[in-house]
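Below is one structure; the comments refer to it alone.
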């Protein structure tokens, strides 16, 4: 059947042009989805694959899922999701994303060789960076996301600033390769490892021409900061994102943080997106819901401040946030196969509810 006849038969069957946006039908007609760019005033919308980690999906399934949600971008934040890293396999992944109209972002783990989280899976820290640059370039990602570590690194010998210095040294060793690739390294404020001002110190130490920030609004609360305050500080150097909402409430010892779907927490997403348009409008908002777990921060106990910078103005904003919050019930999946299915359903519901909220209530996203 000729393509023209095929399209006529679809029309006769009541299948509209809009329905041809589905990647499978697009493939059948030879039609590629146009990749969404961000017109003036519009912010692209996507997800971080860690939001649906319980599914255990590899890149093809992740692309199909993101396409089914009609997203603009997909952040593959773990190299393990790419199954194979040879050039031919990466070209297949990019082709599949292109056919679905999705722009890909890519990331990996720690490149700080002295971090408690560093793994030699990808070789030395420098080898890890070089691998990430190659993968990012093959997939068309403008960034390679990395992390330093987590809050335990604040307790290591020399403290967090020693770890920052070690990571800056790695980035400087890879400077020529980063510049030559045309890819920027995006450093995340990850799991309570760095305050936003410490992230900025790392970026400036390595050089803003090769390093930017992957901003995480959930992790912002884990350093006792108001996420909006973190956006103000890091927005000008933000090149990637992994976002979710926060609920924070007071306790006698300090406060508790629980991450939530967007719209269920304390972040004012209308205000957030308005500042986003001013600070980093070409960067997509990508959702990484890790909802359900609670973490206490006993910052009213003196020993707590041995490991964190106490900046009164920043802490006051966090405390104001906590005063507005309310306790939530944590999510706990039952053990065994039933628990896995429960976690899968919960994670998909959280991320899909977040996307719906941001699209319908805040007006984000290019595709409809």
Report, in degrees rounded to the nearest 10, the 0 to 90 angle that the Cα long axis of helix 269-279 makes with the longest principal axis of the chain.
-> 90
Compute the long axis of helix 3-12 from its Cα atoms, compare it with the longest principal axis of the Cα atoms of the chain, and write down the angle in degrees, 0 to 90, nearest 10.
-> 80
Spin-label model distance (nm) - residue 161 vs residue 313, 7 Å beyond Cα toward Cβ = 1.9
Once the Cα gyration tensor of segment 143-302 is diagonalised, what are the square roots of 5 times its eigenvalues, in whole Å and ordered largest first, as equivalent ellipsoid semi-axes?
-> 26, 21, 11
Using the alpha-carbon atoms, what tilt in degrees (0 to 90, nearest 10) does helix 196-206 show relative to the longest principal axis of the chain?
-> 70
For the chain, report the convex hull volume of the alpha-carbon atoms normalised per residue, in Å³, without decimals.
-> 157
With r defined as the distance between the Cβ atoms of residue 175 and residue 278 and R0 fixed at 25 Å, what FRET efficiency is calculated, to the nearest 0.05?
-> 0.25
Within the set 246, 78, 303, GNM on the chain using Cα springs under 10 Å gives the largest fluctuation to 303
Ranked by Cβ crowding within 10 angstrom, fewest neighbours first, how are 115, 89 ordered?
-> 89, 115
State, in angstrom, two size descriptors of segment 192-244 derived from its alpha carbons: Rg to one decimal place and Dmax to the nearest whole number.
-> 10.2, 29
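Could you compute the FRET efficiency for residue 32 and residue 83, with r as their C-beta to C-beta distance and R0 at 22 Å, rounded to 0.05?
Using R0 = 22 Å, I get an efficiency of 0.45.
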Calculated log₁₀ intensity ratio I(q)/I(0) where the Debye formula runs over C-alpha points of segment 253-353, q = 0.22 Å⁻¹ = -1.20
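Quick note: the coordinates plus some simple rules give every number you see, no bench work behind them. Only a predicted model underlies this, so the values are computations on that prediction, with no experimental measurement involved. Cβ: placed from backbone, ideal geometry, glycine included. Neighbour counts: every protein chain shown.
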